[in-house]
Structure formats: C-alpha cells, structure tokens
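The values are calculated or read from the model by the stated rules, or taken from the named source; none is laboratory data. Here the structure is a predicted model, which is why all the values come from computation and not from measurement. A quick note on method: Cβ atoms are made from the backbone with ideal geometry, for glycine too, and the neighbour counts reach across all protein chains shown.
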Amino acid sequence: SAVISQKPSRDICQRGTSLTIQCQVDSQVTMMFWYRQQPGQSLTLIATANQGSEATYESGFVIDKFPISRPNLTFSTLTVSNMSPEDSSIYLCSVEDLGASGIGEQFFGPGTRLTVL
Amino acid sequence: AQSVTQLDSHVSVSEGTPVLLRCNYSSSYSPSLFWYVQHPNKGLQLLLKYTSAATLVKGINGFEAEFKKSETSFHLTKPSAHMSDAAEYFCVVSDNLLNFGNEKLTFGTGTRLTIIP
C-alpha cells in the first residue's frame, strides 16, 4: 500500500497570493488525483495527473487557477493561484495502489489545510 | 454518470447499540463502492470496498456493508458502536472498475456519526 505525504500540512495566506502544495508517494504510481474539501463539505475531485502529460481537470476547475505539475512517478504539485477566501479548504492528493487484499484501492494523503485571509 | 446519496447528514447512537449509515448510489455500469472514514483532523481511511464479488463486504473495525443492486443501496452497519467510531463517514462510488489506476471517485456528502456514552 502507498504512503503519501503532503507539504505544507497547513498554511495561512493572504488574498491574491499563490500557494504550491507538494505530494510525495513512497512508490511509483501512474495516476495521482487532487481533491478539495471545503469546510463542512465532501471531497470534490479537482484533476487527475498523469506523469508526462497535461492534467485532466473536472468541470468547474481550470488550469490557470489550479496548475498541476507531475514531473515523475512519485511526485506532484498543485498550485492554488490568486487566492481568495473562497479557496479556504483542505486539499488532498491520492493515488491508486494495491491494498492489503491485493485489490486496487485509493490511498489519500493527510491533506493541506489552507486558510485565505 | 455516477452519483451517491447519503440519506442522513448526522446519526447519533448510544455506545453498544447498532450503527446504520445509509447510502444509495447511481451508476451507469457495474460500480465499485467504498466507505471511507475521516476522524477529526486526520486523513481518510478506507473502511471497506465492494467490487462485484461477495455482496456482503466486511471491513475494518467490525464494520460491514451489503450491496443490494435491486435497491441500489450500500448501507454501512456495525453491531455495536464504540466511542472511537465517532467520525465522518463517506460513501463513494466509482465506475472505472476495470481501469486500474484511473478510478475516479465520486464522494457522498458525508454522515457525521456521534456516539452517546
């Protein structure tokens, strides 16, 4: 099973600035996913990142606002650009890997809690 | 298109009594269904997963869920609640069963489980 770390774990940022969140996996994975969890809400998929190609964004999310890099099979970054208070959320990355049962399952990082003032 | 509806936003049960968290799904294909748990200020953890094998799925910490195609339901149960079960629970659906490495998850809105001492 994959172990995922994220940096930073939390941050407080000013309106109009940008923050880059890093996601590191302890094994090589094909696809990495980025989710947003707004306060008191469920998780919403932002985009899917495949190494060596452009990320695929879900409806309502655009590359200019959430640029993603995927330079290798163990690492990805998500940037939240030109932030506003509405961007205050927990941002999580996840990967698909084999679980203890031998069946594929999705593992989640601990999340980055972002507060925009 | 896939979707999932968690019928209760908040469930309270007394310690030692049964837990029932309800989930209905909609999917164009044979779905994979999951239950994830999120403890306060902690990451998401997979409780159990259904992938078209046995319809009664046993997970960690004594939880289980039954897939009922005729009712399009995947309710989560536990015979006896423990204080440590207090958390947010998410029902999740994925259509991409055969496309390992590209399972796009759709999350329900979550059910907050409170355990009364």
Q: For residues that are farther than 23 Å from B:VAL37 by Cα and small (Gly, Ala, Ser), tally how many sit in region A:1-59.
A: 8
(Q) I'm checking my understanding of the structure. Among residues of region B:1-17 that are part of a loop (DSSP other than H, G, I, E, B) and within 15 Å of the chain's Cα centre (by Cα), which one is surrounded by the fewest Cβ atoms within 10 Å (Cβ to Cβ)? (A) B:SER9
Q: Among what's in region B:28-47 and is under 17 Å from A:GLU96 (Cβ atoms) and either crowded, with 20+ Cβ neighbours inside 10 Å or of a type in the set (Lys, Arg) (or both), pick the residue that is farthest from the other protein chains (Cβ to nearest Cβ).
A: B:PRO31
Q) Going through region A:76-86 one residue at a time, which ones are of a type outside the set (S, T, N, Q), farther than 17 Å from A:SER9 by Cβ and out of contact with any Cys (no Cβ under 6 Å at 6 or more places or on another chain)? A) A:PRO85, A:GLU86
Q | Selection within region B:1-15 - within 15 Å of B:ILE115 (Cα to Cα) and hydroxyl-bearing (Ser, Thr, Tyr) | A | B:SER9, B:SER12, B:SER14
Q) Within the bounds of region A:106-114, is there any residue that is more than 11 Å from the chain's Cα centre (by Cα), under 29 Å from B:ILE60 (Cβ atoms), in a loop (DSSP other than H, G, I, E, B) and of a type in the set (S, T, N, Q)? A) no
Q: Need at least 2 residues that are buried (at least 16 other Cβ atoms within 10 Å of the Cβ) per element, so show me which strands (runs of 3 or more DSSP E) inside region A:1-75 make the cut, counting only ones lying wholly within it.
A: A:4-7, A:19-25, A:31-37, A:43-50, A:68-72
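Residue-wise test of (1) within 15 Å of the chain's Cα centre (by Cα); (2) within 14 Å of chain B (Cβ to nearest Cβ); (3) at pLDDT 90 or above.
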| position | (1), (2), (3) |
| --- | --- |
| A:PRO8 | yes, no, yes |
| A:THR17 | no, no, yes |
| A:GLN28 | no, yes, yes |
| A:TRP34 | yes, yes, yes |
| A:GLN37 | yes, yes, yes |
| A:GLN41 | no, yes, no |
| A:ALA55 | yes, yes, yes |
| A:SER59 | no, yes, yes |
| A:PRO71 | yes, no, yes |
Q: Looking at (1) more than 25 Å from B:THR17 (Cα to Cα); (2) over 13 Å from the mean Cα position of the chain (by Cα), find the lone condition where B:THR106 falls short.
A: (2)
